Amino acid sequence: MIIKGKKYRYGVHVKDRKELCREKPIETMPAPEIVKISVSQHIGAPANPIVNVGDDVIKGQMIAEATGAISANVFSSVCGKVTGIEEIVNPMGLRQKYIVIKNDYRTEEYRFPNLENFEDATIIGRVREAGIVGLGGAGFPTAVKLTPKNPLDTLIVNGAECEPYLNCDYRLMLEHPDEIVKGINYLAAALNVKNGIVGIEKNKPEAIELFSERGMNVVALQKQYPMGSEKQLIYCCTGRKVPTGKMPFDVGVCVQNIKTLFASYEAVELNKPLTEIVMTVSGDGISEAKNLKVAIGTPFTDIAAYCGGEKENVVKYIAGGPMMGKNLIDLNQYVRKTDSGLLFLTNKEANLEEPSNCINCGACAKNCPMRLMPMYIELYTLAGDYEKAKKYGAMNCIECGTCAYNCPARRPLVQSIAFCKAKLKEKK
Amino acid sequence: MEEQLKFYSNSPHVKGRRTTREIMLNVCIALLPACIMGCVFFGWRALMIIALSAFSACAAEIVYRLVMKQPFPRILKEFDFSSLVTGLLLAMCLGSQVPWYVPVLSAIFAIVVVKMLFGGTGKNLVNPAITGRIFAFLSFGTIMTSGWVIPNFASSSVVSGATSLTALLKDGTMPDLLSLFLGNVQGCIGETCKIALLVGGIYLVIRGIIDFKWPLIYIAVTGLMSVALNKFDFHYFLPSVLSGGLILGAIFMATDYTTTPNTTWGNVLYFVVLGVITAVLRQATGIEIVSFAILLMNLFVPLIDKFIINRPFGFKREKKVKEAK
Ligand code: SF4
Ligand code: SF4
C-alpha cells in the first residue's frame, strides 16, 4: 500500500548519475587472496581480536569479539590462515588494527545454530551475535538500536538511497524483496512494533511497487537529497520532527537501512554472520561500473582490478557516496561493513575548484535540510569564535554536504563546520 | 613510475553547476536588453557611457590587484565579472548627458573604495554600483540632475527639464503611462525602458538567480505606500511604480546577494522596510531616491542577519512531538 508522506522543502536536486550501474544485477566477487579485516568497523569500542597469528580460521568464524555494550563482533570472511595483525590508517584517518587472513580457498563455512523461537530477545541476541551494524554508513550497532529506552511504535525502513551514484540498496530491493520483508518483520518483532513504513525515493518505481505488492506501507519520497537522512526521513514518513539534540527513539521511531535488514534476515533465518556486503563500484573513472557482493576485508585494489581497472584520468577515490563519503589517499584500503560504494571520479565529475570569497548569496542557508546558516558558521569558525558559530546551529549539522554542493564560491563549508563541531566538543 | 598526485578534500566530492562567475555573467546577460534599449533611446552617448563605466570598473579591479602585488594569472583566474556587473549597473543609472569623467570616476570609486578596500567580491558592506551613483550625485550634483536628454522618439507630452518622477511629485503632473513603460521618456540610460528591465528580471528568475518574490514585494510596497501617502489616490500607484529607478533598483540592485539578508523572514523585513522608506523619502524630498533607500537598508543587513536567524530543524517543535505521542 502506498501511503502519502509529508513533503520536505529543504534540500537539493543533485545530479544522481545512478544510470551508470542502475540496471546491473548484483555480482558476487570471488573472495580475494588476502583479506584485511578491521576490528573497528562500527561506532563504539573496537572489537578485541581473539585469534593469533598462525591460527586457522574458516569463513564465518568470529575473529574479534565485541567489548562493552556498544561494539560489534567481527567475523572472518574467508577460510585460511591468520598471517598477521597490522595497524592501518582507515579512511577516517584513524590508526586501527586489521586482522590479515590469507585465503586458502576452502569452502567451509560456519553457521550459527538454528534459533529456537522468534521472540524479541532471541532475535536481538542473534543480531548482536552476528555483528550487525547500521550498514548505511553510520555503523551504529543494530542490537543497541533494537533495545531502546522507551517503547517505540514505528519501524522506518530507509530505502531512499539519496546519495548519487549508489545503487546497492536499490538492487537489493529489486532482487531480494521477500528477504527484506522478512527482515523487516523480524526486526519489527524484536522491537514490538506493529507499524512498519518503507520510505523509497520516487526515482525507484519498481522498488516501490515490489514492496507495496507485498503489503508493506510504502512512502514514495520526493527525489531530493538528503531524503535518506534520518531526521528528514522520519519527518516525511510520519510527520514527526525529531527535536534538536534528540534521537529518533525519542519520537518513537527506529530507522533501519535496507542492507541492515537484509543482513538481519540472513542472520536470523539463514544463521549467517555478517561477512559480506553489497557495494556499488562506480564513477566515470572505472572501466565497468558494477554492483558487487564482496567479502569484508577485500582490498580496494582487487575490486578495481575486478571491475576492469581504473582509467587514466581518475582524480579522486571515494569510499561511500560522493556527498558524504570519505576521500581516499590511495587504494590501500579494505572493505568494511559500512562501505556502500567505491567511486572513481574523474576531473570532470569531481569538485576540484578553488574556493573564492563567499558572496553571501544565501544558497547554503536556503537549502540546508537542518535549517542552519552555514555561511556564518564558517565565517565565525575561521575567525575562531566557535560560540558564535554555535548560535547559527553548528552542532546540529548532519554534514550532508548540501550547502557546499550548492555554493557558487565553492566554500569548503562542511569541512569548516566539522572542524567547528570538533572544537566545540573538545571544550565540553 | 612516479605516483600521480590525487586530489584530497573533504566531502562533498561532487559539485553543483553554479559558480560565482556564472551568476555574474547571467546578471550581465540580463542587463543587456536594458543596455540596448538605452542605446536606442539615447544614442551613441549612452553607448559610450556604458562602455566607459564597464571598462573602468573592470580595469579598476585589475589595477588595484596588480598594485597589491597579486600575480597576474591569479587575477585572471579569480576575475569573476562582478566588476563588470557593477560597471554596467552604474551606467544604467547615469543620465546620458553626463560628461565622460563621471562614469569613469564613479566606477573607480565604486570598485576601489566600496568593494576592493573591503576585501573584494562578497565582502562589501553596501552595493558598489549604488554607492558609485550616489558618489556621482554628490560630487557632480547639477550635472546629474539637469539637462536631461529627451529620447529620440519621445512623445510631446514629456515635460523637459525634469524627469517625469520629479514632475509627478512636485506638481502632480500625471505622466503618460505607456511611454513610461516603453521608456521613451527622459531619465537615466537604463532606468527608462521597463520592458527591457522586466525581460532581464524574468531571465534572472528563470535561471534561478533571484527570487521573484523580493522585487515584487519591494515594488508593491513602494507603490502602495505612495498611494497611502497621497490620500489613497490609486492613480498614484502605477506612475510611482513605473517612474524613476524603482524597477531597475528592485530587480538588479536591491536583490544583490551580498547586501541582502540570508533568511526568508530577514528578506521580508528588508524588502518591506525598503519599500516604505523609498516611498516616504520620495514623497518627502521629491527627487529620485531609490538608491539612497537601498544604501540605507544595506547598512542594516548585518543587523537583520544577526537577529533573524533560521531555527534548526526540530528546534521549537518539542511540544508538538509530545502531542503526537
Ligand atoms: S550545514 Fe550541515 S546540515 Fe546544513 S547543508 Fe551543510 S552539511 Fe548539511
Ligand atoms: S552558498 Fe557559498 S557563497 Fe553562498 S552564502 Fe553560502 S557560503 Fe556564501
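The values are calculated or read from the model by the stated rules, or taken from the named source; none is laboratory data. Computed from a predicted structure; not experimentally measured. Cβ sites come from the backbone with ideal geometry, for glycine too, and all protein chains shown count toward neighbours.
Across segment A:80-101, what is the total count of residues that are in contact with a strand residue (DSSP E or B) (Cβ under 8 Å, 6 or more places away or on another chain) and not in a strand (DSSP E or B)?
Pass one, segment A:80-101, residues in contact with a strand residue (DSSP E or B) (Cβ under 8 Å, 6 or more places away or on another chain): A:80-92, A:95-101.
Next, from what is left, pick out any that are not in a strand (DSSP E or B): A:90-92.
Going through segment A:80-101 one residue at a time, the tally reaches 3.
Of everything in segment A:357-377, what is more than 9 Å from ligand 1 (Cβ to nearest atom) and either in contact (Cβ under 8 Å) with a residue 60 or more places away in the chain or not β-branched (V, I, T) (or both)? Give them in sequence order.
The initial filter retains those residues of segment A:357-377 that are more than 9 Å from ligand 1 (Cβ to nearest atom), namely A:357-363, A:366, A:375-376.
Residues satisfying the conditions are A:N357, A:C358, A:N360, A:C361, A:G362, A:A363, A:K366, A:M375, A:Y376.
Among the residues of segment A:380-413 satisfying the criterion of being among the charged types (D, E, K, R) and under 29 Å from A:H13 (Cβ atoms), which is nearest to ligand 1 (Cβ to nearest atom)? Don't jump to the end; show me each part of the working.
Looking only at segment A:380-413, we keep the residues that are among the charged types (D, E, K, R), and these are A:385, A:387-388, A:390-391, A:399, A:410-411.
With the extra rule that they be under 29 Å from A:H13 (Cβ atoms), the set shrinks to A:399, A:410-411.
Details: A:E399: 5, A:R410: 14, A:R411: 10 Å.
Residue satisfying both the conditions and the ranking: A:E399.
Quick one: count up the residues across segment A:75-116 that are in contact with an Asp or Glu (Cβ under 8 Å, 6 or more places away or on another chain) and small (G, A, S).
Adding up the residues that qualify gives 2.
Give the residues of segment B:185-221 that are more than 25 Å from B:S96 (Cβ to Cβ) and of a type in the set (S, T, Y), sorted by residue number.
Within segment B:185-221, just B:Y218 meets the criteria.
Kindly establish whether B:I62 is more than 19 Å from B:M253 (Cα to Cα) and part of a helix (DSSP H, G or I).
Working: more than 19 Å from B:M253 (Cα to Cα): yes; part of a helix (DSSP H, G or I): yes.
Yes.
List the number of the failed condition for B:F271; all other conditions in (1) out of contact with any helix residue (DSSP H, G or I) (no Cβ under 7 Å at 6 or more places or on another chain); (2) away from ligand 2 (no atom under 16 Å from the Cβ); (3) within 14 Å of chain A (Cβ to nearest Cβ) hold.
(1)
So, A:L343, is that one within 11 Å of chain B (Cβ to nearest Cβ), modelled with pLDDT of 90 or more and near ligand 1 (Cβ under 10 Å from one of its atoms) or not? Spell out how you get there, then give the answer.
Details: within 11 Å of chain B (Cβ to nearest Cβ): yes; modelled with pLDDT of 90 or more: yes; near ligand 1 (Cβ under 10 Å from one of its atoms): no.
Considered against the rule, which asks whether it is within 11 Å of chain B (Cβ to nearest Cβ), modelled with pLDDT of 90 or more and near ligand 1 (Cβ under 10 Å from one of its atoms), A:L343 comes out as no.
Can you pull out every residue in segment A:306-330 that is small (G, A, S) and at the interface with chain B (Cβ under 10 Å from one of its Cβ atoms)?
Within segment A:306-330, A:G320, A:G321, A:G325 meet the criteria.
A:K421 fails exactly one of the following numbered conditions: (1) among the basic types (K, R); (2) at pLDDT below 90; (3) within 10 Å of ligand 1 (Cβ to nearest atom). What is the number of that condition?
Among (1) among the basic types (K, R); (2) at pLDDT below 90; (3) within 10 Å of ligand 1 (Cβ to nearest atom), the lone unmet condition for A:K421 is (2).
Of all the strands (runs of 3 or more DSSP E) wholly in segment A:248-313, which have at least 1 residues that are in contact with a Gly (Cβ under 8 Å, 6 or more places away or on another chain) and crowded, with 24+ Cβ neighbours inside 10 Å? Please lay out each step first, then the result.
Values: elements: A:253-257, A:276-282, A:290-295.
Output list reads A:253-257, A:276-282.
Among the residues of segment A:269-317, what is the count of those that are in contact (Cβ under 8 Å) with a residue 40 or more places away in the chain, more than 17 Å from A:G134 (Cβ to Cβ) and aliphatic (A, V, I, L, M)?
Residues flagged as in contact (Cβ under 8 Å) with a residue 40 or more places away in the chain, more than 17 Å from A:G134 (Cβ to Cβ) and aliphatic (A, V, I, L, M) within segment A:269-317 amount to 9.
Just one of (1) closer than 30 Å to A:T280 by Cβ; (2) within 13 Å of ligand 2 (Cβ to nearest atom) trips up A:Y376, so point out which.
Here A:Y376 clears every test but (1).
Okay, residues lined up against (1) buried (at least 19 other Cβ atoms within 10 Å of the Cβ); (2) without any contact (Cβ under 8 Å) to a residue 60 or more places away in the chain; (3) touching a helix residue (DSSP H, G or I) at 6+ places or on another chain (Cβ under 9 Å); (4) not in a loop (DSSP other than H, G, I, E, B):
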{"position": "A:E116", "(1), (2), (3), (4)": "no, yes, yes, no"}
{"position": "A:T122", "(1), (2), (3), (4)": "no, yes, yes, yes"}
{"position": "A:G125", "(1), (2), (3), (4)": "no, yes, yes, yes"}
{"position": "A:G131", "(1), (2), (3), (4)": "yes, no, yes, no"}
{"position": "A:G136", "(1), (2), (3), (4)": "yes, no, yes, no"}
{"position": "A:V144", "(1), (2), (3), (4)": "yes, no, yes, yes"}
{"position": "A:T147", "(1), (2), (3), (4)": "no, yes, yes, no"}
{"position": "A:N150", "(1), (2), (3), (4)": "no, no, yes, no"}
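Just one of (1) within 14 Å of ligand 2 (Cβ to nearest atom); (2) hydrophobic (A, V, I, L, M, F, W, C); (3) within 16 Å of B:P12 (Cβ to Cβ) trips up A:I398, so point out which.
(1)
Just name the residue that is nearest to A:I156 (Cα to Cα) out of those in segment A:231-245 that are free of Cβ contacts under 8 Å to residues at least 24 places away in the same chain and in contact with a strand residue (DSSP E or B) (Cβ under 9 Å, 6 or more places away or on another chain). Before you say what the answer is, go through the steps one by one.
Filtering segment A:231-245 for residues free of Cβ contacts under 8 Å to residues at least 24 places away in the same chain gives A:240-243.
After this cut, where a residue has to be in contact with a strand residue (DSSP E or B) (Cβ under 9 Å, 6 or more places away or on another chain) as well, the list is A:240, A:242.
Numbers: A:R240: 12, A:V242: 14 Å.
Restricting to residues being free of Cβ contacts under 8 Å to residues at least 24 places away in the same chain and in contact with a strand residue (DSSP E or B) (Cβ under 9 Å, 6 or more places away or on another chain), the top hit is A:R240.
Out of curiosity, is A:K290 within 23 Å of the chain's Cα centre (by Cα), among the basic types (K, R) and within 8 Å of another protein chain (Cβ to nearest Cβ)?
Details: within 23 Å of the chain's Cα centre (by Cα): yes; among the basic types (K, R): yes; within 8 Å of another protein chain (Cβ to nearest Cβ): no.
Answer is no for this residue.
B:M24 is checked against (1) over 19 Å from the mean Cα position of the chain (by Cα); (2) within 13 Å of another protein chain (Cβ to nearest Cβ) and fails just one. What number does that condition carry?
Here B:M24 clears every test but (1).
Of A:V53, A:V78, which residue is closer than 18 Å to A:E33 by Cα, among the β-branched types (V, I, T) and in contact (Cβ under 8 Å) with a residue 60 or more places away in the chain?
On the way: A:V53 fails: in contact (Cβ under 8 Å) with a residue 60 or more places away in the chain.
Result: A:V78 is the single residue among A:V53, A:V78 that is closer than 18 Å to A:E33 by Cα, among the β-branched types (V, I, T) and in contact (Cβ under 8 Å) with a residue 60 or more places away in the chain.
Mind checking which residues of segment B:49-93 are of a type in the set (K, R) and more than 14 Å from chain A (Cβ to nearest Cβ)? Step through it out loud before you land on a result.
Of the residues in segment B:49-93, the ones of a type in the set (K, R) are B:65, B:69, B:74, B:77.
Scanning segment B:49-93 gives a single hit, B:K69.
Among the helices (runs of 4 or more DSSP H) confined wholly to segment A:350-415, which include 3 or more residues that are of a type in the set (F, W, Y), within 7 Å of chain B (Cβ to nearest Cβ) and over 21 Å from B:K115 (Cβ atoms)?
Working: elements: A:363-367, A:374-382, A:386-391, A:402-406.
By residue number, no helices (runs of 4 or more DSSP H) qualify.
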